[in-house]
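One structure is given below, encoded as structure tokens.
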Amino acid sequence: MPSPRRDPHPSAPAPPSDELVLAAVERAGRHQAHDKPAVPVWAILDHLALARRSSAARFVRARLDALLAAGWLERGSRHGVPTWALTRPGERRLRHARASASVPALPESPQHRAWRNARTVAAAELERFRLGLRERMERAELLLDAAQPPHSDAWLELAEELQRACRRVASASHCLYEWVEPDDEHADVDEHVEPADAGLDEDERARRRTRRAGRRNMRLWDDAPRI
């Protein structure tokens with residue numbers, strides 16, 4: 001029996017509805033730090049999971065102007081970059097659409113995707129990071145036990161490597177074991193604060209917060225020294 005013929009030109013996914021665009025604007029604003037609901041177009045596209053140079057993205061950009069004309073969005077500017085935010089009529093429109101179940105679910109949010117990706121990579125890389133740290137610690141022991149005292153440059157170089165290795169282990173451990181899964185109701189911002197900090201004096205709290213900077217940044221996990 002012959003197999004069914006396949007369409008060599010499958011139809012493209014349907015562009016997002018106006019209500020879904022409004023939902024993306026709302027969630028993008030909610031996920032910004034410091035309660036700033038106005039968002040640039042690239043943030044809206046990220047919440048719709050659309051490539052920025054795609055035809056769907058061009059469609060969304062055109063719809064933003066249409067939603068502005070309808071009074072459902074307002075346009076602003078931040079540092080010269082155009083921004084968009086829901087108006088009161090836009091909020092009402094979105095509530096009514098949700099009440100009638102006419103708003104499809106948004107794709108996974110960028111902040112949840114970042115959390116999930118970090119956990120996945122940390123689970124795959126943590127053991128390698130630990131082995132790398134152990135190897136550098138063994139090199140430190142060899143330098144300590146050397147019959148002839150090593151040149152100071154050897155210690156300085158190893159100090160840099162140890163710092164990077166320790167930070168990789170710390171960062172991957174945080175992403176895998178300590179980073180709480182974000183929800184869609186709040187912005188997921190690392191304030192570099194932990195519950196146990198309440199028992200510390202102010203100076204120690206400040207030192208720990210400074211050390212925690214960048215602990216979710218996977219771009220710092222490569223082995224190359226940074227100049």
Exercise for review: Could you give me the residue pairs with C-beta distances under 9 Å whose first residue belongs to segment 14-32 and is assigned by TED's automatic domain parsing to the domain that holds LEU48, whose second residue is among the acidic types (Asp, Glu) and part of a helix (DSSP H, G or I) wherever it lies, and which are 6+ apart or on separate chains?
Suggested key: LEU22/GLU91; ALA24/ASP46; GLU26/GLU91; ALA28/ASP46
Study note, to complete from the structure: Taking segment 16-37 and keeping residues assigned to a helix (DSSP H, G or I) and in contact with a Gly (Cβ under 9 Å, 6 or more places away or on another chain) leaves LEU22, VAL25, GLU26
Practice item. Taking SER102 as meeting all but one of (1) loosely packed, with under 14 Cβ neighbours inside 10 Å; (2) in contact with an Asp or Glu (Cβ under 9 Å, 6 or more places away or on another chain); (3) of a type in the set (S, T, N, Q); (4) closer than 30 Å to CYS175 by Cα, write down the number of the exception. Key: (4)
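If you check HIS47 against the conditions, is it within 27 Å of the chain's Cα centre (by Cα), without any contact (Cβ under 8 Å) to a residue 40 or more places away in the chain and within 20 Å of GLN32 (Cα to Cα)?
Values: within 27 Å of the chain's Cα centre (by Cα): yes; without any contact (Cβ under 8 Å) to a residue 40 or more places away in the chain: no; within 20 Å of GLN32 (Cα to Cα): yes.
So HIS47 does not fit the description; no.
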Check your understanding: If the Cβ limit is 9 Å and pairs must be 6+ apart or interchain, which residue in segment 70-92 that is among the aromatic types (Phe, Trp, Tyr) pairs with which residue that is in a strand (DSSP E or B)?
Key -> TRP72/LEU86; TRP84/VAL39; TRP84/LEU73; TRP84/GLU74; TRP84/ARG75; TRP84/GLY76
Exercise for review: Can you run down the residue pairs with Cβ atoms below 9 Å, 6 or more apart or on separate chains, where the first is in segment 100-117 and touching a residue at least 60 places away in the same chain (Cβ under 8 Å) and of a type in the set (D, E, K, R) and the partner is surrounded by fewer than 13 Cβ atoms within 10 Å (Cβ to Cβ) and outside any loop (DSSP other than H, G, I, E, B)?
Suggested key: none
Exercise for review: For residues that are out of contact with any His (no Cβ under 8 Å at 6 or more places or on another chain), touching a residue at least 24 places away in the same chain (Cβ under 8 Å) and closer than 26 Å to HIS112 by Cβ, tally how many sit in segment 187-227.
Suggested key: 7
**Study point:** Unmet requirement for GLU202, which otherwise passes all of (1) under 29 Å from ARG136 (Cβ atoms); (2) over 20 Å from the mean Cα position of the chain (by Cα)
**Key:** (1)
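The values are calculated or read from the model by the stated rules, or taken from the named source; none is laboratory data. Keep in mind that this is a model prediction, so the values were computed, not measured. Neighbour counts run over all protein chains shown; Cβ positions are idealised from the backbone, glycine included.
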